[in-house]
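Peer 1: My questions all concern the structure below.
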Amino acid sequence: MKASKWEDILCESKLLHILIDLRKKIHRDPEVGLQQPKTIKKIKDFLFEYLPKCAQSDNFKIKEIEQSGLIIDVWGQSDAKATDIPEGKGIAFRAELDALKIKERTDLVDYFSTSSYSHMSGHDGHTVSLVWFLTVVFNNAHLFSKVAEFFEFIFRKTLFDLFSIRPRKQ
């Protein structure tokens with residue numbers, strides 16, 4: 001049986017380098033304001049390339065929020081079905097996507113951006129850390145189901161819009 005792309009990455013210890021590359025891509029292309037379509041695309045491209053099973057999985061749901069963020073739900077049990085509004089015991093994790101209106105001042109090629117904006121706040125690193133944790137939970141959902149029924153990964157533009165994401169059942 002051929003190993004999945006994910007297993008190949010883990011076996012060859014390439015995951016760290018792949019995540020560093022993702023962070024550099026996000027860092028080089030900072031977005032500010034209410035929309036981060038390029039950052040969202042980078043996250044989705046990563047997930048569909050390195051977690052191809054997520055696209056066909058009933059226990060994985062990805063929802064784009066008006067080009068300003070993503071909500072990704074992962075259910076712990078393999079027989080769970082993704083719903084628009086998760087029910088049951090869940091745990092949410094979040095990372096901010098937005099950059100700051102500060103020009104980057106560095107000669108390091110890997111970090112240089114030609115824009116007037118930068119990820120001086122570290123949001124690029126927080127985002128990639130959350131992407132990494134999402135991959136761990138998705139690949140080990142059966143183990144994490146002992147902690148919660150579902151996990152919600154929220155990638156948004158800023159902390160202040162956290163409660164406007166979507167309604168919750170009471």
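The values are calculated or read from the model by the stated rules, or taken from the named source; none is laboratory data. Keep in mind that what you see is a predicted model, and the values were worked out from it rather than measured. Positions of Cβ are backbone-derived with ideal geometry, glycine not excepted, and every protein chain shown enters the neighbour counts. These area figures cover heavy atoms from the full protein model, side chains too; ligands, DNA and RNA do not enter into them. Shrake-Rupley method; radii C 1.70, N 1.55, O 1.52, S 1.80 Å.
Peer 1: Only one of (1) farther than 16 Å from Lys157 by Cα; (2) modelled with pLDDT of 75 or more; (3) open to solvent by 50 Å² or more (accessible area, probe 1.4 Å); (4) not in a helix (DSSP H, G or I) fails for Ser13. Which number is that?
Peer 2: Single failed check for Ser13: (2).
Peer 1: Please determine whether any residue of the stretch 35-47 is surrounded by fewer than 19 Cβ atoms within 10 Å (Cβ to Cβ), within 18 Å of Ala99 (Cα to Cα) and touching a residue at least 40 places away in the same chain (Cβ under 8 Å).
Peer 2: Within the stretch 35-47 (the criterion being surrounded by fewer than 19 Cβ atoms within 10 Å (Cβ to Cβ), within 18 Å of Ala99 (Cα to Cα) and touching a residue at least 40 places away in the same chain (Cβ under 8 Å)), the answer is yes, since at least one residue qualifies.
Peer 1: To continue, here is another question. Across the stretch 60-86, which residue is nearest to Gln35 (Cα to Cα) among those that are at pLDDT 80 or above and open to solvent by 10 Å² or more (accessible area, probe 1.4 Å)?
Peer 2: Ile65
Peer 1: Kindly indicate the residue of the stretch 91-127 that is open to solvent by 10 Å² or more (accessible area, probe 1.4 Å) and at pLDDT 75 or above and also nearest to Arg23 (Cα to Cα) among those meeting that condition.
Peer 2: Result: Gly125.
Peer 1: Can you name the condition, by its number, that Leu19 falls short on among (1) open to solvent by less than 30 Å² (accessible area, probe 1.4 Å); (2) at pLDDT below 85; (3) in a helix (DSSP H, G or I)?
Peer 2: It fails just one condition, (2).
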